[in-house]
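Starting off with a structure, shown below.
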Amino acid sequence: MGEVTIQHYLSLSAILFFIGVYGVLFRRNLIIMFMSIELMLNAVNLSFVTFARYSATMDGHVIAFFVMALAAAEAGIGLAILVMVFRNRTTVQADDLTLMRD
Amino acid sequence: MAIAFYILAFLSILGGVLMVTRKNPLSSAFSLILSLVAVAGLFAMLLAEFIFILQILVYAGAIMVLVIFTIMLLNLKREEIRETPVGKFQVVFLIIVCAACAFGFIEIFSDIPAADVATAEDFGSIEQVGRLMLGDYLFPFEVISVLLLVAIVGVVLLAKRVI
Amino acid sequence: MDYLIIILKALFIWIVPLIFLLVLIWVERKGSSFIQDRTGPNRAAIAGVRLAGLVHLIADVVKLLWKEMMIPAGVNRLFFMIAPFIGFTFVLLSFAVIPWADTLVVAGREIPMQLATLNVGVLFILAITSLEVYGAVLAGWASNNKFALLGGLRSTAQMISYEIPLGLAIVGIFMTFETVQLNEIVRGQGELLWGFLPKWGVVVQPLGFILFLTAAFAEANRNPFDLPEGESEIVAGFHTEYSGMRFALFYMTEYVAIVLMAAIIATLYFGGWQVPWMTTEKLVAHASIVRSVLFATFGVGAAVFAWWMWVFTKRVRGRFGDMREKEGIVLGVPCAIAAVVLLYLLFRYYGAQPSEAGAGVVALVSQTVMFLVKMAFFCWFFIWVRWSLPRFRYDQLMRLGWKTMIPLSFVNIFVTGLVILLISR
């Protein structure tokens, strides 16, 4: 199997990121889109921690910590907006929110 | 330890793929939890102990509970299959191309040492993270706390029922 | 050899909570009847021998094994079946970082007496506690039942609300002992304040102890916070639709959560495996005296229990006319034999100096016994409180958690920091 090098971790991070991108682009459910954004943030965290490990500094850990705090704040506000949208429109499909279109 | 990496990587990718393909929102949420816990395991393999525990505490334990709460309170059911704007096969091909490019770029342009770099003994410990946060990164630390306060106030304000 | 040690430690952590669990079920029923001035269950018998209700445990297990495990219509089968396992797995996993004795130094190698010596120690328990929520919420939602869903959501909200005071109360302990690792915290509690008072967590952090105790009750879904499974309120909460072995898993999860919280309280606030006023070095130095004390305590205890059984047998002779008269003999004879063996060992080895490895083992056993005694006391305390206090209403619960305990825990952190700063001047 060989040794696990930095390229392995970075490739994994890229793959997870692109899975998240697929989720945001091609799923119309707002909650799934939100969770895909969380997956993308996770992939970026993995990338930061990998670089921290392979350059023996810990700045990557601190940045990952801040990203997590940010993700928590974003989760709260995103879900509050989602709840409000559901209250007014009774749908969480992004395709149904066409009030400002044409 | 390579086998551990491959198992964790497989679990995280499986969780991600399941999340974006399930029609039931709750199945997606639990697949994402699987992926998050697998990524936490990868953090532990990268000697980042504090980030490993924080990932489970904050992401898998708090944020996802919030998401699952919302799904249950709004009683979201399996969604009907809708037409996607772009054909699926083009999209899959595009994503494979992007991932391959990512892999290739990393292989070509990496002048980062590929093998394990010797690290300090307390690498990744809480004490070191604390020292950095209250030393070099003091200003972002304070700003994050203000941001969380703003987020809390915003959420309470947004989600209040108008009486 | 390393793998053998790991397997032995894993077996210890697996078996001891399960034994506590079995005893706890019996103690709950008999203890509650003692508090409520009644007799409690005493009918189940094996060949006429009743053993004061201990046979009820076996009867319960047999009943739960053979009951039909019904799956209601319209449920999502995968989630319905997974939910009991999630809670039980995580609650048993948390025992991996709890030390039950000091590091054993034998033949030149150090064997730490916890399964996983993580650097992040107590945070591991907090992280696993935050994952236990999924058991309740999944069970409530997957049951396709309004009451179960309500119970599941309430339980989830309660558990995540009380995780915050749980974590904040421990921050005071981190500040006082300057470490997060559990074994170091317990070792730090061996010092003496002002020459005579052991530096236990409850002495240096009284407010933190009260906050943590309350939050531990809420995390274990236990009275006075057991609205999610309140029997008179919403049928049975999130485990309404579960029967047979699946319900047994929820039942066991609750009791193992009690044992876990008792172990954590004993470790963080009451000195864990510390024998008061005796550090590990003193125990190893006076190993022969300690060993004699251990033999004497257990021997005399077994002898007293055997004598009590003999008095009981004499008292009930001829009253019942069936096997109940022989109960005293069934319990008393093994205890008498144990007492004789222990007292013989006491007198045989009196004054003989144990070897270095033997001294280490003697210290280990005495510290483990101390830890188990403290854990048992707190388990009893959980049961005692359950049958003494009424239940909180849901909004009172939430108000207590968010508006009272979180500000108090911040005050605790602030005062602790102030005191540490003043002392270090």
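Readers should treat all values here as calculations from the given coordinates under stated rules, not as data from a laboratory. Predicted model only: the values in this text are computed from it and were never measured. Every residue, glycine among them, receives a Cβ derived from its backbone with ideal geometry; neighbour counts consider all protein chains shown.
Decide, for the stretch C:115-185, between rounded, prolate and oblate: order the square roots of the alpha carbon gyration tensor eigenvalues as a ≥ b ≥ c, take rounded if a/c falls under 1.5, and otherwise choose prolate if a/b is larger than b/c, else oblate.
On the way: a/c = 6.36, a/b = 2.43, b/c = 2.61.
Note, shape of the stretch C:115-185 comes out oblate.
Take every residue in peptide A:48-56, count the Cβ atoms of other chains within 10 Å of its Cβ, and give the average of those counts. Please list the in-between numbers first.
Values: counts 2, 11, 5, 2, 7, 10, 9, 4, 7.
Mean inter-chain Cβ contacts per residue within 10 Å come to 6.
Compute a Gaussian network model of chain C, connecting alpha carbons closer than 10 Å, and tell me which residue from C:L268, C:L342, C:L138 fluctuates the most.
Greatest mean-square fluctuation among the candidates belongs to C:L342.
Considering Cα pairs under 8 angstrom that are at least six residues apart, work out the relative contact order of the stretch B:16-64 and quote it in whole percent. Show your work: numbers first, answer last.
Details: 35 pairs, mean separation 14.6, N = 49.
After rounding, I find 30 percent.
Which pairs in the list C:K9/C:K326; C:K30/C:K63; B:K88/C:K146; C:K30/C:K67 are over 29 Å apart, alpha-carbon to alpha-carbon? Spell out each step's value before the answer.
Details: C:K9/C:K326 39 Å; C:K30/C:K63 19 Å; B:K88/C:K146 39 Å; C:K30/C:K67 24 Å.
Correct reply: C:K9/C:K326; B:K88/C:K146.
Take C:S366, B:S35, A:S55 and order them by how many other Cβ atoms sit within 10 Å, fewest up front. List each step's numbers first, then the result.
Values: C:S366 22, B:S35 28, A:S55 15.
So the residues, fewest neighbours to most, are A:S55, C:S366, B:S35.
Additional query: What list of whole percents do you get for P(r) of chain A, with Cα-Cα distances grouped in 5 Å bins up to the one holding the largest distance?
Going out from 0 Å in 5 Å bins, chain A shows 2, 12, 16, 18, 16, 12, 9, 6, 4, 3, 1, 0 percent.
Sorted from largest to smallest, which semi-axis lengths in Å does the alpha carbon gyration tensor of the protein assembly as shown give for its equivalent ellipsoid, taking the root of 5 times each eigenvalue?
Working: eigenvalues 463, 216, 119 Å².
For the protein assembly as shown, the ellipsoid semi-axes come out as 48, 33, 24 Å.
Shifting gears a bit: Using a/c under 1.5 as the rounded threshold, could you call the stretch C:22-158 rounded, prolate or oblate? The axes a ≥ b ≥ c are square roots of the C-alpha gyration tensor eigenvalues, and prolate needs a/b larger than b/c, oblate otherwise.
Numbers: a/c = 2.14, a/b = 1.12, b/c = 1.91.
Oblate.
Then there's this: How high is the relative contact order of chain A? Use alpha-carbon pairs under 8 Å, at least six apart in sequence, and give a whole percent. Walk me through the intermediate numbers first.
Numbers: 80 pairs, mean separation 26.8, N = 102.
Contact order relative to length: 26 percent.
Over all directions, how big on average is the projection of the convex hull of the alpha-carbon atoms in the stretch C:289-397, in square nanometres? Spell out each step's value before the answer.
On the way: hull surface 46.8 nm².
Taking the Cα atoms of the stretch C:289-397, their convex hull projects to 11.7 nm² on average.
Please list, in order, the residues from the stretch C:250-270 whose amide nitrogen is less than 19 Å from a point placed 7 Å along the Cα→Cβ vector of C:V61.
Within reach of a label on C:V61: C:250-257, C:259.
May I pose another question? Could you state the principal axis extents of the C-alpha atoms in chain C, from the largest down, to the nearest angstrom?
Its Cα atoms span 75, 69, 45 Å along the three principal axes.
Taking Rh as the Kirkwood radius computed over C-alpha pairs, what is the Stokes-Einstein D of the stretch B:2-80 at 4 °C in a medium of viscosity 1.567 mPa s, expressed in µm² per second?
After rounding, the answer is 99 µm²/s.
Additional query: Non-local amide H neighbours of C:V106 (under 5 Å, H modeled in plane, Pro and chain starts lacking H): which ones?
Hits under the 5 Å cutoff: C:I111.
Highest mean first, what order results for C:92-104, A:85-97 on Cβ atoms within 10 Å?
Details: C:92-104: 22.3, A:85-97: 14.0.
Taking the mean over residues of other Cβ atoms within 10 Å, the ranking is C:92-104, A:85-97.
Over 18 Å apart: what share of the alpha carbon pairs of the stretch C:290-348 falls there, rounded to a whole percent? Spell out each step's value before the answer.
On the way: 694 of 1711 pairs.
When all Cα pairs of the stretch C:290-348 are counted, 41 percent exceed 18 Å.
May I pose another question? Between the stretch C:176-201 and the stretch B:34-58, how many Å separate their Cα centres?
So the two Cα centres are separated by 30 Å.
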